[in-house]
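Engineer: Have a look at the structure that comes next, please.
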């Protein structure tokens with residue numbers, strides 16, 4: 001008969017072999033248990049025409065998780081969580097913030113790069129927004145870009161292209177061509193805004209300066225410390241003055257609220273641009289507005305919006321300091 005110690009020896013060896021795997025499994029189960037409200041990182045790859053590795057994004061668990069979780073995507077432009085727009089993705093596409101961080105995209109072997117159509121640093125044109133249909137890429141617009149990485153995918157080399165200041169996109173060689181000098185959307189917006197220009201500053205203490213400051217403040221108050229707003233005037237004309245209109249049967253004046261019977265009203269026609277600095281881009285709107293300005297019962301200048309063509313055009317300038 002074998003001693004008791006020797007009889008249990010095979011079982012002890014088996015336990016030592018299986019324990020690490022068991023521990024890893026328990027750890028994985030704990031690591032993939034999420035509660036509503038947990039901050040996570042997630043990825044999904046169901047956009048039409050998406051190419052290359054999926055991108056990890058900041059998210060928050062919005063639904064109870066099983067094999068699939070509902071996640072809210074952090075909105076960089078408002079620096080807040082959206083109130084709707086839940087994205088559903090598999091549990092395997094979710095991880096804790098900072099967990100299992102992957103290394104930068106692996107570069108293709110030197111031999112493969114030598115035979116690549118494009119190299120890192122090449123200035124090219126990208127057919128941005130194109131979709132593959134029947135083996136061909138259709139739609140989209142040509143945008144200038146720079147190759148910043150090359151990696152070997154399953155069937156071909158893929159190129160990471162940075163275009164329009166801060167947009168990164170994994171592209172096939174079929175979506176690219178040698179640079180031809182096309183202008184990016186951001187440069188087009190900058191050129192258009194430069195062409196609009198701005199009026200010279202009005203004379204200090206003048207009525208023009210006073211009314212421009214009142215109207216400028218109307219727009220600047222819509223911004224914040226995080227989203228500052230700047231205003232530039234391209235046109236500013238003070239029209240023929242008139243007495244403040246008496247209220248009608250509903251108690252409303254054609255010149256808006258705030259005036260009195262003996263108040264002098266100054267009609268003002270303005271053309272201006274209002275620029276908001278978001279984290280990823282500058283968004284500028286061109287406006288054509290008519291205001292009626294006067295001193296109110298508190299002795300302060302007040303300008304009421306009275307008409308005009310409204311918003312004429314929108315311009316978007318991507319910020320190079322922000323990368324998606």
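Engineer: I'm told residue 250 meets every condition in (1) farther than 30 Å from residue 146 by Cβ; (2) in contact (Cβ under 8 Å) with a residue 24 or more places away in the chain except one. Can you identify the failing condition by its number?
Structural biologist: (2)
Engineer: Continuing with the same structure: Among the numbered conditions (1) in contact with a strand residue (DSSP E or B) (Cβ under 7 Å, 6 or more places away or on another chain); (2) on the phi > 0 side of the Ramachandran plot, tell me where residue 219 comes up short.
Structural biologist: (2)
Engineer: Further question on the same structure: Out of all the residues in the range 279-311, which are surrounded by fewer than 17 Cβ atoms within 10 Å (Cβ to Cβ) and closer than 30 Å to residue 75 by Cα?
Structural biologist: 279, 285, 310, 311
Engineer: Just checking, which of 224, 245 is out of contact with any strand residue (DSSP E or B) (no Cβ under 9 Å at 6 or more places or on another chain) and modelled with pLDDT under 95? Reasoning before the result, please.
Structural biologist: Working: 245 fails: out of contact with any strand residue (DSSP E or B) (no Cβ under 9 Å at 6 or more places or on another chain).
Only one candidate passes the filter, namely 224.
Engineer: How about the range 219-273: which of its residues are within 20 Å of residue 297 (Cα to Cα) and under 24 Å from the mean Cα position of the chain (by Cα)?
Structural biologist: none
The values are calculated or read from the model by the stated rules, or taken from the named source; none is laboratory data. Note that the structure is a prediction, hence the values are computed from the model and not measured. Methodologically, a virtual Cβ is constructed for each residue, glycine included, from the backbone with ideal geometry; neighbour enumeration extends over all protein chains shown.
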